[in-house]
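What follows is calculated from the coordinates using simple rules that are stated; it is not laboratory data. The shown structure was predicted, so the numbers you read here are calculated from the model rather than taken from an experiment. Quick reminder, even Gly has a Cβ in these numbers, built from the backbone with ideal geometry, and neighbours come from all protein chains shown.
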Amino acid sequence: MDYIKFENVSDDISYAIGTSLRGYINEVTTNQLISMFGEPNRVPSGDGKVQLEWIIKTKVIEEDGNETDSCFTLYDWKGSAPSDDNVEWKINVGGRSQQDYWNVFDAFDIANETDFLYAYDGDGKLCQAKEGFSLHLLQMCRKEAANG
C-alpha cells in the first residue's frame, strides 16, 4: 500500500519555485483548506497577484520503499479568494508536474473517504493513498508517537 505525506511549508516560498498552474479546484472554502492543510501564507506576492497561498510539500512512499518528493501550491489569483473564509470559490493549483495536481485530489479523497483527516507525524501530515482506507496508518502514527 502506498502512503503520501503532506507538509505545509507555506512560510518558505522557495518550495514553490518552478511550479506553475496545473488546474483548479472548484467549490472549496478557505476554511476547508485550512482544516486539511493548516494555515496559508497570507503575505502578498511581490507582484501582488497572489494574496493567499498554501505550499504543500509531498512525499509519496511506495510499497517497495521508493520515495518521491514534490510539492503543490493552492492559491488565489488576482484577488479571487472571497473575504469570507466560509464562501466557496475556485482555487488555482500549481505544481511542477501533472502528478502534483493529482496529489491534491488524493488529499481530498482521503479527507472525504476516512473518518479522520490526517494522522500527524511531527510537523507533517501523513496520509494513506486512495487505495484502501484502513486504519493501519493511524495505528502506525500512534505507535510512533508512543515511542517518540
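For region 63-92, filtering for residues that are touching a residue at least 40 places away in the same chain (Cβ under 8 Å), closer than 21 Å to N8 by Cα and among the charged types (D, E, K, R) leaves 2. Quick one: G95 ticks every box in (1) small (G, A, S); (2) surrounded by 14 or more Cβ atoms within 10 Å (Cβ to Cβ); (3) over 19 Å from I13 (Cβ atoms) bar one, so which box is it? Result: G95 fails condition (3) only. For D69, indicate whether it is assigned to a strand (DSSP E or B), among the acidic types (D, E) and farther than 24 Å from E27 by Cα. When the stated conditions are applied, D69 passes them. Report yes if some residue within region 8-23 is more than 18 Å from N112 (Cβ to Cβ), touching a residue at least 60 places away in the same chain (Cβ under 8 Å), assigned to a loop (DSSP other than H, G, I, E, B) and not β-branched (V, I, T); otherwise report no. Yes, region 8-23 contains a residue that is more than 18 Å from N112 (Cβ to Cβ), touching a residue at least 60 places away in the same chain (Cβ under 8 Å), assigned to a loop (DSSP other than H, G, I, E, B) and not β-branched (V, I, T). What do you reckon, is E63 part of a strand (DSSP E or B), surrounded by fewer than 15 Cβ atoms within 10 Å (Cβ to Cβ) and touching an Asp or Glu at 6+ places or on another chain (Cβ under 7 Å)? So E63 does not fit the description; no.
Of the residues that make up region 43-60, is at least one more than 13 Å from the chain's Cα centre (by Cα) and part of a strand (DSSP E or B)?
Our first condition is that a residue be more than 13 Å from the chain's Cα centre (by Cα); within region 43-60, this holds for 43-52.
Still in the running and part of a strand (DSSP E or B): none.
No; the residues of region 43-60 include none that is more than 13 Å from the chain's Cα centre (by Cα) and part of a strand (DSSP E or B).
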